Every structure is written in C-alpha cells, then in structure tokens.
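The values are calculated or read from the model by the stated rules, or taken from the named source; none is laboratory data. Here the structure is a predicted model, which means the values were calculated and not measured. Don't worry about glycine lacking a Cβ; one is built from the backbone with ideal geometry, like all the others, and counts go over all protein chains shown. Calculation scope for accessible area: heavy atoms of the full protein, side chains included, ligands and nucleic acids excluded. Shrake-Rupley method; radii C 1.70, N 1.55, O 1.52, S 1.80 Å.
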Amino acid sequence: MPATLAKILRGRKPTVLVVDDQERNIQLVGTLLQLFNYEIVPATSGEQALKRVASRVPDLILLDVLMPGMGGLEACRQIKATPGCEDVPILFLSAADDKNLVVEGLESGGVDYVAKPFNKAELLSRVNTHILLKFTRDQLRILAADKDELLGMLAHDLKNHLSGMQLSAQLLRDRSAAVLDDKSRQLVENMADSTTKLLSFVKELLANASVEHAAMTEPQRINLVDHTTMAVRRYREAAAQKQILINLHEPGHEVAASADSEGLSRILDNLISNAVKFSPPGERVAVTVGANDDEETTFVEVRDDGPGIPAVDREKLFRRYARLTARPTAGEPSSGLGLSIAKRLAEMMKGDLVCEPPGDGGAVFRLRLPAAGRN
C-alpha cells in the first residue's frame, strides 16, 4: 500500500466488497488485496451484494458486470440508490470486450473498469487510487463540516455580543447627547455606526451559511404581486428617510409564480434594500411585477437611479464578499454577500437573477421565476 494512503488510513483496514458469480475470481482478488491490508467481503450475486451493503457500507466495491440474475449494471444502480452508498466507488470487472458496455457501466454509477483477466499490479493500483480519493474526500467533508460548525458558533456569539453593544451605544447616544461635548458625541456616534455595520455583516454571514446548507422546500404557487407588495411596504419607511419614493408597477391581477416563499422574500428584500441604499436622496426606485411573453416565466424588476454598475464591477457582481466601486449613499452597511445569496436562492428555485444594462444610468436587476405549474 502506498505511503500516502497508509498515512491517511492511519492503520485502518479498508473494506472491499468483491462481487462475482465465480468464487475462484473472488478468491484471486481477495488473496491479492488481503496481502495489502484490505478486508474482503464476498458476494456471489447482485442480490447478495445488495444485502451486504444494506448491513454494512464498504469503502469500495469490485463488481462483475455479467452475472446470472441481477447483472452488475443493475446492481450498481441499486447500490447507488441505497442510503449511505452514494459515494462508494464501484469498479467494474468483466471479461466482456464491449466498449458500449464500459460506457454504460460508467453511466450507471461506476468510476472505473478493469478487464479480465486482470493484471494484478493494475488492479491493485486502481483500488489504491480510488480508496485514496474516497478517504481524502471523506476527510475534506469532515473538515468542511467542522469549519462550518465553528464559524457558525463564532458568528452566533458575535451576533449576540454585537447586538448588546449596538443597543448600549444607541442608548448612550440618545441619553447623553445634551451633556457631551462635540468630540465625545462623535465618538459615541462612531461606536453606534461601527457596531451596526459589524452586526449587518455577521447577519449576512449567517444567512450565507444557511443558504449553503439549506434544502429548498417544494415550490408553491405564489402570487408574485402580493409578495412584492409586502416587500415594498417593508422598505417604504427606510426610503422615506432618504426622501426616496418607491413606485410599484403591477398588472392589477395575480401573477402566479412557482417559488419558495421564504427564499423569494429574502431575494426581494435584498434587491429593494440595495436600491434604497445606493440611490441618492430624492430619487425614485421603480419595482415592476409581471409575466414574460413566453408565459412560462414571471419576473420582478427593480430599477434605481443610483450610480449604476461600472463595467469593472459587473463580472464580480454576484461573487461572495465582492467589494464594488459604488458605495451606499448614506453610509449604510454593505457586506458584499447579499447579491450572491440572492443569486443562489433564485437558481435553487429554478429561476435566475441578472443585472441588465439600464441604458440611461442607475441599476436594473431582474428576477425570473417559473410560472406556477411550469417547472
């Protein structure tokens, strides 16, 4: 066994399920692999192989293609459909010299193919390679899960502490404004502003993590007009504080979209809040809802009169943590996560989110979603 693989395994014996209707072949393969510290589990049919994986998931499967009863291809498909076996590498063994059969085997879920009579060195090399790849993937998956859990814990703790700091700073600012000198008032204002921006970033970080691991619920029939109207109402007060008017244009009847309600609300909140953030005081934001001419998709368009999206920013617009040239016009916090989250949510709902050339300044974002009943 190669040193790299032995180091990763750390003394563990990988389990290999060998499936062949000829017991002699199982003995040949088993004898070879046992010499290199592999544990062998035999099966003489596809049916028996399914029983084996149901009771114990192996690290790798060597599967004969041509067997009486359930053949190797069907066994492979059923093994891949067994919970816990989705990532188990399956190598096909067969004396059949049929390239179409090889392709069909790979399409059914196999990762490699070794022809009989096999060369021992070749077989061992391929088994070692795929075991190494599997254990490396498993380690990376564990590391990623640990990283996400740690970041989640830190972010939640930061959120709680920052919320307390924000409230304290705001109370201090409001209650001591009359007794503090100008320099002290500015320091308190800086504290309140910094905690607000940090808290906004942490909230976006948590939202991004939740999208990474969230499973979209079954799409529902949603009236896009109602959802967009509610989203506009949520931001009218913030817009009014900047003397910005949000105009909603809707057809006066239901626009039925197939979408996840919570995901849609998050996308609309992001688009409308961004339009308010990046619009100068006294401007307008136009929100339009409708169905496209193809009758298969619906849309929400959010247009603002802000500085627009420079060409240098367009290619990184939907990247996570992207820092764009344009900045909010009243110092509002911006984490660089919102649009990437909105884009992924739209794609999870089988839709899309694009930034369209406005033509006469400002920015135009268009959310497209499937019409209800057309997935």
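Here are a few things to note about the model shown:
- Cα gyration tensor shape of segment 69-125, rounded if a/c is under 1.5, else prolate or oblate by comparing a/b with b/c: oblate
- Spatially proximal aspartates and glutamates relative to LYS183 (Cα-Cα < 18 Å; intrachain offsets below 8 disregarded): ASP174, ASP193
- Where HIS227, HIS253 fall by accessible area, highest first, once all protein chains stay in place (1.4 Å): HIS253, HIS227
- In range of the label at MET348: residues from segment 262-288 whose backbone nitrogen is under 20 Å from the point 7 Å along Cα→Cβ: 262-274
- Chain lengthening between GLN241 and LEU133 when straightened (0.36 nm per residue, less Cα-Cα): 33.2 nm
- Stretchable slack from GLU296 to ARG221, in nm (0.36 nm times residue separation minus alpha-carbon distance): 25.7 nm
- ARG284 accessible area, assembled protein chains, probe 1.4 Å, Å²: 130 Å²
- Lysines whose Cα lies under 27 Å from that of LYS13, excluding same-chain neighbours fewer than 8 positions away: LYS51, LYS80, LYS116, LYS120, LYS134
- Förster radius 56 Å - calculated FRET efficiency between SER261 and ARG56, Cβ distance, rounded to 0.05: 0.85
- A probe of 1.4 angstrom, applied to the heavy atoms of all protein chains, finds VAL103 with accessible area near 70 square angstrom.
- Straight-distance candidates among the lysines for linking to LYS159, with alpha-carbon spacing under 22 Å and chain neighbours fewer than 8 residues away dropped: LYS147, LYS197, LYS203.
- Largest accessible area first, the residues MET70, MET191 order themselves as MET191, MET70 under a 1.4 Å probe with ligands, DNA and RNA left out.
- Two-site label geometry, GLU74 and GLN34: point separation in nm, points 7 Å out along Cα→Cβ: 3.2 nm
- With the simple model of a label 7 Å out from the Cα in the direction of the Cβ, GLN170 to GLU356 spans 3.7 nm.
- The slack between ASN100 and SER125, meaning 0.36 nm per residue of separation minus the straight C-alpha distance, is 6.6 nm.
- Accessible surface of LYS350 - all protein chains present, 1.4 Å probe, nearest 10 Å²: 140 Å²
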